[in-house]
Amino acid sequence: ASRVAVNAVASYLLNVMTWPTAPARAPTPHEHPSSPRVRDQLSSALVVGDSTVKTAAANTATPRMGTTLTMALVLWPDLYVAHVGDTRCYLLRSGQLKRLTTDHTVAEMIRANAAEPVQAASQLHHTLWNSLGGSAELPKPEIAKLELELGDVLLLCSDGLTKHVTDEEIRALLSTE
């Protein structure tokens, strides 16, 4: 499912997304396609990935195929992060680690709306409410935009890392040369 989604999203970005061209006049600082247009196109790319995963699942013996996807698009100095699921994007800036995505799990949804945390061993930490191909519903992509600075470090990773390595350990490792 992840290979199908990555190929579909990459194909969309390369063949459908409108990319900035050199302006006929001197550009103003940070001149790029409008944020809403880029956000809409990134969201559309993830919806295409969802549709392609669902089609692949229908044509194989894996009808419940699903995946998560987190991607970063840099139009210097702007960074767009498009995200569905529980894969993460981190930014290390001046020694401080900041997570740029939220996990789209049932446990995280409960945590955001309730006073009581979900027990650490609960399966709700692994149950996604938002994914590509994982349900009949369309995904709800989370799109973030921020301005990068020289020296920033980005990390995109799966829960295969974050369930074994703490944010502090990630910060320490990314801070080393």
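The values are calculated or read from the model by the stated rules, or taken from the named source; none is laboratory data. Everything numeric in this text was worked out from a predicted model, so none of it was measured. Cβ sites come from the backbone with ideal geometry, for glycine too, and all protein chains shown count toward neighbours. Just the protein is used for accessible areas: all its heavy atoms, side chains included, with ligands, DNA and RNA removed. Shrake-Rupley method; radii C 1.70, N 1.55, O 1.52, S 1.80 Å.
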- Item | Neighbours by Cβ (under 9 Å, 6+ apart or cross-chain): first from the stretch 127-146, closer than 24 Å to residue 38 by Cβ; second among the aromatic types (Phe, Trp, Tyr) | 140/129; 143/80; 144/80; 145/80; 146/80
- Message: Can you report the number of residues in the stretch 70-99 which are out of contact with any Ser or Thr (no Cβ under 9 Å at 6 or more places or on another chain) and outside any strand (DSSP E or B)?
- Response: 3
- Task: Output the number of the condition that residue 70 fails; it satisfies all remaining conditions of (1) open to solvent by 30 Å² or more (accessible area, probe 1.4 Å); (2) closer than 14 Å to residue 2 by Cα.
- Result: (1)
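Could you list all residues from the stretch 132-150 that are more than 30 Å from residue 51 (Cβ to Cβ) and either open to solvent by less than 70 Å² (accessible area, probe 1.4 Å) or touching a Phe, Trp or Tyr at 6+ places or on another chain (Cβ under 8 Å) (or both)?
Step one: of the stretch 132-150, the residues more than 30 Å from residue 51 (Cβ to Cβ) are 147-150.
Listed by number, the list holds a single entry, 148.
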- Please find, within the stretch 152-168, the residue that is least open to solvent (accessible area, probe 1.4 Å) out of those that are closer than 15 Å to residue 70 by Cβ and either in a strand (DSSP E or B) or free of Cβ contacts under 8 Å to residues at least 40 places away in the same chain (or both). 157
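Test of understanding: among 99, 88, which residue is closer than 26 Å to residue 175 by Cβ and open to solvent by less than 40 Å² (accessible area, probe 1.4 Å)?
Values: 99 fails: open to solvent by less than 40 Å² (accessible area, probe 1.4 Å).
Every option except 88 fails the conditions.
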- Considering the stretch 102-116, residues that are outside any helix (DSSP H, G or I) and modelled with pLDDT of 75 or more, and then whichever is surrounded by the fewest Cβ atoms within 10 Å (Cβ to Cβ), we arrive at 102
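Return yes or no: is residue 67 at pLDDT 70 or above and either under 14 Å from the mean Cα position of the chain (by Cα) or not aliphatic (A, V, I, L, M) (or both)?
Against the criterion (at pLDDT 70 or above and either under 14 Å from the mean Cα position of the chain (by Cα) or not aliphatic (A, V, I, L, M) (or both)), residue 67 qualifies.
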- Message: Given the criterion out of contact with any strand residue (DSSP E or B) (no Cβ under 9 Å at 6 or more places or on another chain), open to solvent by less than 60 Å² (accessible area, probe 1.4 Å) and at pLDDT 95 or above, identify the matching residue among 48, 4, 53, 9.
- Response: 48
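Residue-by-condition table, conditions (1) modelled with pLDDT of 90 or more; (2) part of a loop (DSSP other than H, G, I, E, B); (3) among the aromatic types (Phe, Trp, Tyr):
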site: 118; (1), (2), (3): no, yes, no
site: 124; (1), (2), (3): no, no, no
site: 137; (1), (2), (3): yes, yes, no
site: 143; (1), (2), (3): yes, no, no
site: 150; (1), (2), (3): yes, yes, no
site: 170; (1), (2), (3): yes, no, no
